[in-house]
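A short reminder: the numbers here are calculations on the coordinates, not readings from a lab. Note that the structure is a prediction, hence the values are computed from the model and not measured. Cβ sites come from the backbone with ideal geometry, for glycine too, and all protein chains shown count toward neighbours.
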Amino acid sequence: MMSHWIVIPIILPSLMAPLLVLVARYDMTLQRVLSLVSTTAILAVSVMLAFAAASGTVEVYELGNWPAPFGIVMVLDRLSALMLVLTSVLALAVLVYVVGTDWDKRGAHFHALYQFQLMGLAGAMLTGDLFNLFVFFEVLLIASYGLMVHGGGKARLRAGVQYVIFNLAGSTLFIFALATLYGITGTLNMADMAERAQSLPEADVALLRTGAAMLLVVFAVKGALLPVHFWLPNTYSHAPAPVAALFAIMTKVGAYAIIRVYTLIFGPEVAVTGTMPADWMMPAAVLTVIAGMVGVLAGGNLARVVAFAAIGSMGTLFVAVAMFTPESTLSALYYMVHSTLAAGALFLIVDMVQARRGTCALHVLPPIAQTGLIASLFFAGAIAMVGMPPLSGFLGKLMVLDAVRDHGGMGWIWAAILAASLIAIVGMARAGSQLFWKPHAEEFAASENPAAAKTAQPVALPVAAVLGLLALIVAMTVGAGPVTAYMHDTAGQLFDTSDYISTVMGRN
Amino acid sequence: MEFVVASSVGLLTAAGIYLMLRMRTFPVVIGLALLAYAVNVFLFASGRLTLNQPPVQIYDGPWSDPLPQALALTAIVIAFGMTAFTVILALASYLTTGTDQLDMENTDPEIAPPAAGSAQKSGERA
């Protein structure tokens, strides 16, 4: 019954990272080889696990062979498998880009931190224990602090301090929430807590609600939901752009945690919390959509434009999540995969523009090298991000809009999402024309921008990475049928918690 | 005892939040440390307050709950490491930029920092 493969996506990077520091410290080629091999292996194992989970069984891995409520368990179901595949695909593309552009040479220990980041991400998606979720959040955050300031520089360090402090405050709130929940239910195992939350003495209900609400705020911080989104624009725009591309998955970890906890433990039919998570999230999500897409228009430089687009897409995602029905969760999952790939690709394109232009501020400079190629990539990425046909962003948004049809505030939600999409199209179009179009319409003296006069940069690996992500978006559009079929089963599994709970608690 | 523990958690949290809102790195780091103390005491109390009871269930009861003690240990280690990291990062930021304000104006990202110096610094940090 117990297959050791489940724990490989955590163990492998956690062994590889110290190896990179200890053995391969002075050998960049060896570091790259080890890092690529490890990430590829994680991807292969994740795909294998996804096929195993597709049959609908919930697999439990008991660490140290301690049975469920006492030991820590890793749980593989369709959702964790999906998230693992998404993470490792994005990670591999970003790693290929980093290797192709020498970003890893701009500071020490990039690859080791990267592996620790993957370990934290995989752990957060696999764990079936709330405190363990906190620990893996810390693992991925600590690695991300290192990646965030990779390469140094004034603005990056200041943004890094902001990012670290904001997340430390978030982590503190996380422990407060966990302690409250443990104090009432006496367990930290998600499945066990789900059972106990349903049969709770009347006196403890208010405290449990408080704990659930605090936990929601913590995950909202990670997911950049308004009003706790303000760490994101500075972090994403000042982080090294490939790292920002990897961070596209970090906000989704917040969304994943909300989907997991508020379907499994505090699901819609649990009397203790009832519709509280939905009632809180829906207005916040609509405001996030608006704030994000207005930010796209007001961004001022390409990195901020893309960062705000990421916020807007998180808003759309949370609109779908906040409905808490199987149909809306299906659309949330589809949109989540799509927006992760799109944001990742766009941040890589931001880096291509920056590297050739010397800046990504949106004023007109002489045309950059390889302008046609990068402009077409940006065009495709922007179409995907704002959700225009023919790419999967359009399908995703359509599914989200369809899923909120039954909501009381449907008019507001539709108006917000559609208006925000229009604003985002204008914002992206303006950014693109400033960067790629107007330079050809004006005359420049040769000395005006020395950075642009630089010779063309290597393109093979970076373009392959971006094209890979874009190809996946196309594949998601073309293969929307099978993809949504898997996600339909995933959503069904999420809302039928009895199988998950009984498997974890060892009653099957 | 409940009153002492509860009010100390409350005081530490209030002081921590106040210091965090000062928006300069030193008070904010101290504030984070206070918040970490508060949360550790709170975590400890989540296993109910008991005096002089063993956490090991080999004797006949009553026992104290061993799990919150293990959780508090984990949280202490993480908070300790993170405080150390934040101090170093804040120091690096202060020495590089000459300011300890947390607010930052809306600047365009830099893409080409001085290569040699930054590589050395991030090596020390990692």
* Asked: Which far-off residues, 5 or more places away or on another chain, put their amide H under 5 Å from the one on A:A24, with H placed in the peptide plane?
  -> none
* Calculate how steeply helix A:8-22 sits against the longest principal axis of the alpha-carbon atoms of chain A, using the helix alpha-carbon long axis, and give the answer as 0 to 90 degrees to the nearest 10. => 50 degrees
* Structure fact -> Between A:A361 and residues 5 or more places away or on another chain, the pairs with built amide H atoms under 5 Å apart involve A:L302
* **Test item: Cα-centred dipole of the stretch A:4-498, Lys/Arg +1 and Asp/Glu -1 on Cβ, debye** => 1500 debye
* To do: Enter the Cα centre distance for the pair the stretch A:66-125 and the stretch A:400-415, rounded to the nearest angstrom.
  => 34 Å
* To do: Give me the net charge of A:A342's neighbourhood, meaning all other residues with Cβ under 14 Å from the Cβ of A:A342; Lys, Arg count +1, Asp, Glu -1.
  => +2
* **At most 13 other Cβ within 10 Å, DSSP loop - chymotrypsin sites (Phe, Trp or Tyr not before Pro), the stretch A:167-254** => none
* Between A:K105 and A:F70, what is the label-to-label distance in nm when each label sits 7 Å out along the Cα-to-Cβ direction? -> 5.5 nm
* Could you give the angle, 0 to 90 degrees to the nearest 10, between helix A:28-53's Cα long axis and the longest principal axis of the Cα atoms of chain A? -> 40 degrees
* Can you list the aspartates and glutamates whose alpha carbon sits under 14 Å from that of A:K154, skipping same-chain ones fewer than 8 residues off? -> B:D100, B:D103, B:E105, B:D108, B:E110
* **FRET efficiency for A:A52 and A:S502, using Cβ-Cβ distance with R0 set to 25 Å, rounded to 0.05** => 0.85
* To do: Please check chain A for the longest run free of GluC sites (Glu not before Pro) that are loop-located per DSSP (anything but H, G, I, E, B) and have at most 13 other Cβ atoms within 10 Å.
  => A:1-268
* Asked: Most exposed first by the Cβ proxy, i.e. fewest other Cβ within 10 Å, how do A:D204, A:D496 rank?
  -> A:D496, A:D204
* Asked: For chain A, what does -39500 (n - 2.57) per DSSP helix run (n ≥ 4), summed and divided by total residues, give at 222 nm, in deg cm²/dmol to the nearest 500?
  -> -24500 deg cm²/dmol
* Structure fact -> Put in order of increasing Cβ neighbours within 10 Å, starting from the fewest, A:H150, A:H407, A:H440 give A:H440, A:H407, A:H150
* Asked: Counting alpha carbon pairs within less than 8 Å and at least 6 residues apart, what relative contact order, in whole percent, applies to chain A?
  -> 16 percent
* Structure fact -> Whole-Hz Karplus couplings 3J(HN,Hα) for the stretch A:241-246, θ = phi - 60° and coefficients 6.51, -1.76, 1.60, Gly and Pro as x, run 4, x, 5, 4, 4, 5
